[in-house]
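To start, the structure under review is shown below, and the notes come after it.
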Amino acid sequence: MNQKNLAYRELKYPFFTELAFLNEHFGDNYKYAELLAVLNAYIFKNNDFPFQKELLKSLKLKREELVQLMNELYRDFQDLMSKRESYIIQDTEIQFIARDSPEIWIVSPANLKILPRLGDTVYLPTLTRDHKGASYFKVDEIIHEISGGKHLMEIHLMSPPVELEY
């Protein structure tokens, strides 16, 4: 099967977010060791992904060679991720992001037993509207991000609260 190569800019994000995983599983691989070492050093120093020109200079490679090497590592990473139990999520973090214009509250609940779904009403007793009572929010959006062995779930809540009728 002949796969299309991704461009450098398309490879930056997965390499940046999964660098620890790549190092753990491919850092000792002769083929990728130098690339990963240079990426580690650069990202540690600058907290950003290097420009392609800088990487080419550091690795003494031609543009096509660099992109090919990165694509091979990316495909090996995908192959490894497709195997059961190879990508372990070590931590899950859930955040409620409650918006009540112009204020935004971020609440990280502990021991949450039930996850709200889109459209559900959530009662957050710790947040009060103008200090007059507990707030009700509606789940507007749920975003999942899985990278670096961590699952981050953002549950976006909107106000005004759902009108409650008794």
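Mind checking the full-extension length gain between residue 121 and residue 90? Use 0.36 nm per residue of separation minus the Cα-Cα distance, one decimal, nm.
Gain in length upon complete extension: 8.2 nm.
Modelled label-to-label distance, residue 140 and residue 44, 7 Å Cα→beta-carbon offset: nm?
Going by the 7 Å Cα→Cβ label model, 4.1 nm.
Just grab the label-to-label distance for residue 154 and residue 10, each label 7 Å out from Cα along the Cβ direction, in nm (one decimal).
Taking the simple label geometry, residue 154 and residue 10 are separated by 2.5 nm.
Put a dot 7 Å past each Cα toward the Cβ at residue 110 and residue 75; how far apart are the dots in nm?
Taking the two extended label points, one gets 4.8 nm.
Which pairs in the list 83/113; 12/83; 12/53; 31/62; 53/150 are over 20 Å apart, alpha-carbon to alpha-carbon?
Numbers: 83/113 29 Å; 12/83 23 Å; 12/53 13 Å; 31/62 16 Å; 53/150 31 Å.
Where the Cα-Cα span goes over 20 Å, the pairs concerned are 83/113; 12/83; 53/150.
Using the Karplus equation 6.51 cos²θ - 1.76 cosθ + 1.60 (θ = phi - 60°), what ³J(HN,Hα) coupling, rounded to whole Hz, does each residue of region 79-89 give in order, writing x for Gly and Pro?
Listing the rounded values in order: 4, 5, 5, 7, 7, 4, 6, 7, 10, 9, 8 Hz.
Any idea which of 124, 142, 94 is furthest toward the positive side of the dipole for region 91-158, if Lys and Arg beta-carbons carry +1 and Asp and Glu beta-carbons -1?
Of the candidates, 124 comes out farthest on the positive side.
Let me know the charge dipole size of the chain about its Cα centre in debye, to the nearest 20, where only the beta-carbon of Lys, Arg (+1) and Asp, Glu (-1) is charged.
Values: 20 positive and 25 negative charges, 108 e Å.
I would put it at about 520 debye.
Read-outs throughout are calculated quantities, based only on the coordinates presented, and are distinct from any laboratory measurement. Remember, predicted model here, so these are calculated numbers, not experimental data. All Cβ positions, glycine included, derive from the backbone under ideal geometry; neighbour counts span all protein chains shown.
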